[in-house]
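Participant: Structure incoming, see below.
The values are calculated or read from the model by the stated rules, or taken from the named source; none is laboratory data. Note that the coordinates shown come from a computational prediction; the quantities given were computed from them, not determined experimentally. Cβ placement follows ideal geometry from the backbone for every residue including glycine, while neighbour counts extend to all protein chains displayed.
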Amino acid sequence: MLTMLRNWFHRYFSDEQAVLLGVLLLIGFGAVLTLGGMLAPVLAGLVLAFLMQGLVNSLERIGLPHIAAVWLIFLLFLSALAGILLVLLPLIWQQVLNLFNELPRMLVEWQTLLLLLPERYPQLVSEEQVLRGIDSVRGELGRLGHVVLTSSLSSLPLLLNAVIYLVLVPILVFFFLKDREQIGRWFRGYLPTRRPLLSQVAREMNLQIANYIRGKAIEILIVAAVSYVAFALMGLNYAALLALTVGLSVVVPYIGAVVATVPVALIGLFQWGVGDQFIYLMVIYAVIQALDGNVLVPLLFSEAVSLHPVAIICAVLLFGGLWGFWGVFFAIPLASLFKAVLDAWPRAPQTDPPAG
């Protein structure tokens, strides 16, 4: 047993580059896991700067000086942030409040419809089962209302955190964009001069993860915007809220599209019933999902993420459980990084055990 463990350790950790990479990964993972809450503004600023760095590079390639390119992209970022805070956020919040106000009436109407099921299909469902289901839904809505009330009562700390984010994150984004080379030189100064394994993993990360994150952000914006236009033209209630849900659903492959279908179908069914408008809505929604998966994704993602669907689902569950929404958003990039590390990891030749 000891010989087997010694051979395994020698095979995978005999190269000092592998040991260094393993130590850096453990330090980084441990820092994010333990200090992620305190460093959340820094991490948010780093991610946003990472998203915008490609635009800065594009402006520099056409001859714009670095500081001018940074200021131009940063002003565009501030304009987009102002638009979200002054236009999109109040609209979403108003629709959320309207939906909560409509929930009791929706529940009464759904209760009336559900109580007709035992009369029409007594072999499939009983009145007792329907009443238990209604009580369960009421209990969940009561718990949700309690959570909302508790959150509103403790809104002062949330507002303070929001103000801190709104002040610190833009400042951090600006300095990450402006002093990227300086920060990179400082970090590389603590690494060995000869680091081929780290360079290989960094190149792989830049190719796959950078393209994925930027492409996914663009995909969210396009899908949400197209969904909002389609829903608004049809006159669907809560169009902005549902469009935001559909846009964010592309973060989670396979599962997101299915989950986002439920609120779209329920709102459409409640508003129009089973009729032509509802069928048109579901057809348009299906077309949006099909165009996203078959046209938009191949155009945006130049570097395919070669991960098995089981690996993607496991990564979403693992990192989502650790870091919530951001863990879900970065699940595939982190899984791609893990795969790149495994592919680049040096391995000594395996020695066969001596014959007995």
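Participant: If a residue has to be outside any loop (DSSP other than H, G, I, E, B) and modelled with pLDDT under 80 to count, how many in the stretch 258-294 make the cut?
Facilitator: 2
Participant: Also: Return yes when Leu89 is surrounded by fewer than 12 Cβ atoms within 10 Å (Cβ to Cβ), modelled with pLDDT of 90 or more and aliphatic (A, V, I, L, M) and no when it is not.
Facilitator: It is false that Leu89 is surrounded by fewer than 12 Cβ atoms within 10 Å (Cβ to Cβ), modelled with pLDDT of 90 or more and aliphatic (A, V, I, L, M).
Participant: Here's another thing I want to ask about it. Can you list residue pairs whose Cβ atoms sit under 6 Å apart, with the first residue in the stretch 83-108 being farther than 16 Å from Ile267 by Cα and the second being surrounded by 11 or more Cβ atoms within 10 Å (Cβ to Cβ) and among the small types (Gly, Ala, Ser)? Count only pairs 6 or more apart in sequence or on different chains.
Facilitator: Close Cβ pairs (under 6 Å, with a partner that is surrounded by 11 or more Cβ atoms within 10 Å (Cβ to Cβ) and among the small types (Gly, Ala, Ser)) amount to Leu91/Ala240.
Participant: Can you pull out the residues in the stretch 19-43 that are at pLDDT 80 or above and in contact with a Phe, Trp or Tyr (Cβ under 8 Å, 6 or more places away or on another chain)?
Facilitator: Pro41
Participant: Within the stretch 260-281, is there a residue that is under 22 Å from the mean Cα position of the chain (by Cα) and either within 25 Å of Asn57 (Cα to Cα) or buried (at least 18 other Cβ atoms within 10 Å of the Cβ) (or both)?
Facilitator: yes
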